[in-house]
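Input: a single structure, listed below in structure tokens.
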Amino acid sequence: MTFPSEPEAVGRDLPRRDGAVKVLGTATYAYETPLANAAYLHAVQATIARGRVTALDTAAAEALDGVVAVLTPGNAERLASTEDRELAVLQGEEVAFRGQVVALVVADSSEVARHGAALVRVEYAQQPHDAELRADREDLYAPESVNPDLPTDTSEGDVDAALAAAEVSVEETYTTAMYHNNPLEPHATAALWDPAGEGFLTLWDSTQGVHPTRTALASVFGLDEAQLRVVCPYVGGGFGSKGQPHVNVVLAAMAARAVPGRPVRLALTRQQMFSLTGYRTPTIQRCRLGADRDGTITAIAVDVVELTSRIKEFAEQSGVPARMMYASPNRSTTHRLAALDVPVPSWMRAPGECPGMFGPEVAMDELAERLGLDPVELRIRNEPAVEPGSGKPFSSRNLVGCLREGAVRFGWAERDPRPGVRRRGDWLVGTGVAASTYPVSRMPKSTATIRREGERYAVEIGAADLGTGTWTTLAQIAADALGVTVALVDVRIGDTDYPMASVAGGSSGMTTWGSAVVEAAGAFRAKYGSEPPDGAEASGSVQPADDRHAMHAFGAQFAEAHVHLDTGEVRVPRLLGVFAAGRIINPRTARSQFIGGMTMGLSMALHEQSVLDPRTGHVVNHDLAGYHITANADVGAIEAYWLAEDDPHVNAMGSKGIGEIGIVGTAAAVSNAVWHACGVRVRDLPITLDKVLHALEERPRH
Amino acid sequence: MKPFDYLAPADAAEAVRSVAANPDAVFLGGGTNLVDHLKLGVAEPGLVVGLAGLLPSGIEELDDGALRIGAGVSNSDLAADPRVRERFPVLSQALLSGASGQLRNMATVGGNPLQRTRCVYFQDVTTPCNKREPGSGCSAIGGWTRHHAVLGASEHCIAVHPSDMAVAMAALDARVRTLGPAGERAIPFVELHRLPGDAPERDTALEHGELITAIDLPAQPIARRSAYHKVRDRASYAFALVSVAAAIEVEGGVIRDARIAFGGVAHAPWRARRAEEALRGAPASDGSYRAAADAELTDARPAEGLDGGNAFKIPLLRRTLTATLRDLAGEDPR
Ligand SMILES: Cc1cc2nc3c(=O)[nH]c(=O)nc-3n(C[C@H](O)[C@H](O)[C@H](O)COP(=O)(O)OP(=O)(O)OC[C@H]3O[C@@H](n4cnc5c(N)ncnc54)[C@H](O)[C@@H]3O)c2cc1C
Ligand code: SF4
């Protein structure tokens, strides 16, 4: 059964089904799972970045009234698999980064657990550590592949020769900061072994994927997957940091086994999240562009230097978007890593594309400036006919449409290209543009089951809703695939008791789970026709993606930036994005994703920066007072639009992922607008006032 | 969090006696700073003495026209008071530029000036800090100094005082009224906070157990033309990189008098007397304002550190003072 070409439920801006329980505060998040007689956990963290624990004195903690146990490398259970060294917690004395967990206190209350943790005395044999990322390090290495499994380097034609021959070129280095995902809900887990010992483990975990978490934990503990259940109906945000289990999940499971029959709860503190739950590597991007006088690009080269941790490699694919954005006969991209004594980096909203569209998209603006060409026009002029590199046709590519539509809506036509010449009151005013892109991906496995229950239809799949809308959008897809009204469809997600679902990551959720739901509906109708009996049930699984087409979503983002003439403060009163992302399943939840991504992009442009003090290997601004995210007052008008895009190749629904593209390109658009406002190219994020002040100093005030 | 005893005394005198008698005791105002420190282990008192309901919570007009602000008044109520808004706009603006609505509702006038530095190393018990643990060293020096001092710092501590309200109070010649083990006294607000010197663990001139009961704001016509200009890394909910509290009296294009204090640049709200002196009798022009800033900033020293340190604060402060005075003088001489 195929999906209707004119769907009824899909495309409607239905309110979120989980909205009411969240507003009422009755939605249960992992930590709040009702569990009688729960014990509470608090982790003790290393205060050195490299070395060994030589002594752990837990006596004072153990003597504390209410402390049930203190787990240490000396008494914690041996894990079945320590291959993932991030998860191999309490397995040895070695310290590989500051903040690593070296002990865990189990107590009757969270207050006592925290107090007990402070009483654990740890002695170390400290070794010199190295936590400083620089592009000129001699030990940079090329990883075997970059996330998820893409080539590390690519090369076509002869970039150096093309650059030498180019009539106009740009060669600059751009940097993005270290970022922490900081979802509102911290990483939290509740766990219960029942029956104890070899029995059955239930985890209530705030996760982007119950099944992937189960698989990872089963391997770490050497369990059969049937011995493990993971439950997660609601997630208070993850942004990638809950895409893979982190050490909190292992600690909770370990502690639950150590106190047989008793459930445990663990919520990391905000500060602990800065060393234990992943983050985005800082990037150093050397970007080179060459072009003919008419703006035809002849060379694109992007060389990225990033960090990873010494115990586990994560190679962010920041050079990847430059491989397919614009046409060029000569192109090269490389990734090099420094393995440092730092916490383990991981996924953060749009890994690769997000940082990787900062340098190149500012470089495009610089190229436009040098060519005397409008930056919208420069991009349009370099539109590729097929996907560069692979040579595959695009399933759909509407970057040009987004740029044109955005230009009209934003009022781009009246723009005077000269920088630093517009003033409104005490503010210099400028505008900028950048492109966005994100691949359409489909995970290989996911299954949905549809069952008739009385007059209603139940759809079951272990999918996740991170606050994104899955509860609602899967119901819409199922309704249209079944040909019934959406009010008759119940969705059940977030539990490994439902059929296997892939992680909510890579903007793949709707494509993958939605496809499984459509398959299940097809099987259901094939089996039962239009009059299914009560209890009728059928399942379907996602099928392999069309590999004849290159599939990406595109977008264009426009920003207005104001720079204060006296203080250099930067404000962005207006952001406008236009996206081409296939069929939009639900305009209400989609708009939230777009403007949420853009807001996070604004945050990256102006505010976010984890300050890693290389002397200690420690992120020193590790709370939300020190780690600034964009506040309400920083966001002015923010508009998201989309083109009606009909793409028959991406999946049955015709949809592309939208969870990440909103953050891609925003920071470049803002930087380009800041240049247009005050004439300073800020190539290093975040764009703080000290980076533009020197130019204001040199500028007469009138 | 280390367990502690809690006492709700019957009156202010008992509160003072209880804290004075116990070196391990602290007062609890609105708790918006202290409770954070309890959780972080930055403060580990044995006894917490609650002040709720014990301190004057009204704003009284004295015979000489001064306003007496009870230490129990919330930051929100003080900012909203019509007399404050009219006579001391700089104070109302300073308060409203700080923290968030919820925090200002909780925070008290007594607790606000006694909030402790936001130095990230101070707030993290795993890093050495002379203020938290005398003699352990200053982690900020050579570290992340973006939010640190350029005036009056020492080799032992380069922290800044975070309060916005205190900057306005310093400019307004406020007086702090206290009740201590030795009785009542009044301290000029500008003498409340210390520079770090070799004892950064001491923030203020208060004795242990000395309670702030009120702050007096003397009547001053000049303060009607006053403003607070806070420059920060985001539009709200951030501490000042630099701030300027200023009041100015201009007649016929000449500055008759000025009151100026800086925030975000020193261990104490920085009363800028040299700048005031330079302004008196000078023409109301950008040139005078810059010269005034330079007079005050001759001894300014940036703190080198990660990401270029904080040298930007010096030109930033000069420019912010200039802009503030230009706006107050009411004419843009561009
Ligand atoms: C996220 C956040 C952002 C903030 N942003 C800003 C900002 O931008 N600008 C700003 O100025 N402030 C800001 N603040 C700080 C806030 O203004 C202070 O925390 C508040 O003013 C302290 O008042 P309180 O009554 O809560 O003090 P408490 O936390 O109760 O006490 C602070 C200290 O004063 C002592 N104390 C309290 N009352 C008295 C008294 N009457 N006599 C003697 N000692 C006393 C306590 O023992 C303690 O040491 C922010 C705070 C937070 C948490
Ligand atoms: S600046 Fe002061 S408060 Fe900060 S670490 Fe140094 S001594 Fe401590």
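The values are calculated or read from the model by the stated rules, or taken from the named source; none is laboratory data. Here the structure is a predicted model, which means the values were calculated and not measured. Note: ideal-geometry Cβ built from the backbone for every residue, glycine included; neighbour counts use all protein chains shown. Ligands, DNA and RNA are excluded from the accessible area calculation, which covers all protein heavy atoms including side chains. Shrake-Rupley method; radii C 1.70, N 1.55, O 1.52, S 1.80 Å.
Quick check for you: with a 1.4 Å probe and neighbouring chains kept, what is the accessible area per residue of the range B:221-328, in Å²?
Result: 34 Å² per residue.
Chain A and chain B together bury an accessible surface of about 3200 square angstrom, both sides counted, with a 1.4 Å probe and no ligands or nucleic acids included.
Legend: calculated FRET efficiency, B:R118 to A:E94, from the Cβ-Cβ distance at R0 = 30 Å, rounded to 0.05, equals 0.30. With chain B treated as a Gaussian network of Cα nodes joined by springs under 10 Å, which of B:H229, B:H37, B:H161 yields the largest mean-square fluctuation? Ranking B:H229, B:H37, B:H161 by mean-square fluctuation puts B:H37 first. Take the range A:442-541 with all the other protein chains still there, run a 1.4 Å probe, and you get 31 Å² of accessible area per residue. For the range A:619-646, backbone nitrogen atoms closer than 11 Å to the point 7 Å from A:V408 Cα along Cα-to-C-beta are found at no residue. Of the heavy-atom accessible surface of the protein assembly as shown (probe 1.4 angstrom), what whole percent is carbon and sulfur? Within the protein assembly as shown, the accessible surface is 50 percent carbon and sulfur.
Considering all different alpha carbon pairs of the range A:442-541, the Kirkwood hydrodynamic radius works out to 13.0 Å. Each label was represented as a point 7 Å from its Cα along the Cα-to-Cβ direction; for A:K22 and A:A644 these points are 3.0 nm apart. Note on A:F358: accessible area is roughly 0 Å² with a 1.4 Å probe, heavy atoms of protein only. With 29 Å as the limit on Cα-Cα distance, the pairs of A:K656/A:K691; A:K312/A:K445; B:K39/B:K313; A:K312/B:K2 that go past it are A:K656/A:K691; B:K39/B:K313; A:K312/B:K2.
Interface residues of the range A:541-569, defined as those with an accessible-area decrease of at least 40 Å² between the chain by itself and the complete set of protein chains (probe 1.4 Å), are A:D566, A:T567, A:E569. Helical content alone sets the calculated 222 nm signal of the protein assembly as shown at -7000 deg cm²/dmol, taking -39,500 (n - 2.57) per DSSP H segment of four or more residues and averaging over every residue. Tell me, which residues of the range B:123-158 get at least 40 Å² less accessible area when the other protein chains come in, versus the chain alone (1.4 Å probe)? The answer is B:D124, B:T126, B:W144, B:R146 - residues whose exposure falls by at least 40 Å² when every protein chain is included.
Against the empirical curve 2.2 N^0.38 Å, the C-alpha radius of gyration of chain A lands at a ratio of 0.98. Placing a pseudo-label 7 Å from each Cα along the Cα-to-Cβ vector at A:D546 and A:E377 gives an inter-label distance of 3.5 nm. Length available on full extension from A:V400 to A:E698: 0.36 nm per residue minus the Cα-Cα distance, which gives 103.4 nm. Anisotropy class assigned to the range B:5-52 is oblate, per the alpha carbon gyration tensor with a/c at or over the 1.5 cut-off and a/b no larger than b/c.
Taking only alpha carbon atoms, the range B:221-328 gives an Rg to Rh ratio of 0.98, where Rh is the Kirkwood radius. A simple spin-label model places pseudo-atoms 7 Å from Cα toward Cβ; at A:E83 and A:T2 they are separated by 4.2 nm. Place a point 7 Å from the Cα of A:E172 along the Cα-to-Cβ direction; which residues of the range A:394-435 have their backbone N under 18 Å from it? Within reach of a label on A:E172, which here means backbone N under 18 Å from a point 7 Å along Cα→Cβ, the range A:394-435 contributes A:417-421, A:429-435. Here chain B is treated as an ellipsoid with the same Cα gyration tensor; its semi-axes, largest first and in whole Å, are 32, 25, 16.
The mean accessible area for residues of the range B:5-52, using a 1.4 Å probe and ignoring ligands and nucleic acids, is 44 Å² per residue. Of the residues making up the range A:593-638, those losing 50 Å² or more of accessible area when the isolated chain is joined by the remaining protein chains, with a 1.4 Å probe, are A:V611, A:R615, A:V620, A:H628. Can you compute the FRET efficiency between B:S100 and A:E111 using 1/(1 + (r/R0)^6), with r the Cβ-Cβ distance and R0 = 30 Å? Round to the nearest 0.05. So, using R0 = 30 Å, E works out to roughly 0.70. Cα centroid separation, the range A:570-609 to the range B:160-220: 46 Å. Each eigenvalue of the Cα gyration tensor of the range A:554-690, multiplied by 5 and square-rooted, gives one semi-axis; in descending order these are 31, 19, 13 Å.
Shielding value for A:307-319 is 0, the average number of Cβ atoms from other chains within 10 Å of each residue's Cβ. As a calculated quantity, the FRET efficiency between A:E123 and B:R290 at R0 = 51 Å, using C-beta atoms, amounts to about 0.40. Using bins of 10 Å that start at zero, the share of Cα-Cα pairs per bin across the range B:17-86 amounts to 18, 37, 27, 16, 2, in whole %.
Hey, any idea what Rg/Rh is for the range A:252-316, computing Rh the Kirkwood way over Cα pairs?
Values: Rg = 22.8 Å, Rh = 16.7 Å.
Reported Rg/Rh (Cα atoms, Kirkwood Rh): 1.37.
A 1.4 Å probe, protein heavy atoms only, puts the accessible area of A:Y40 near 50 Å².
The translational diffusion coefficient of the range A:154-243, from Stokes-Einstein at 10 °C and 1.306 mPa s with a Kirkwood hydrodynamic radius over alpha carbon pairs, comes to 93 µm²/s. Per residue of B:231-243, other chain Cβ atoms within 10 Å of the residue Cβ number 6 on average.
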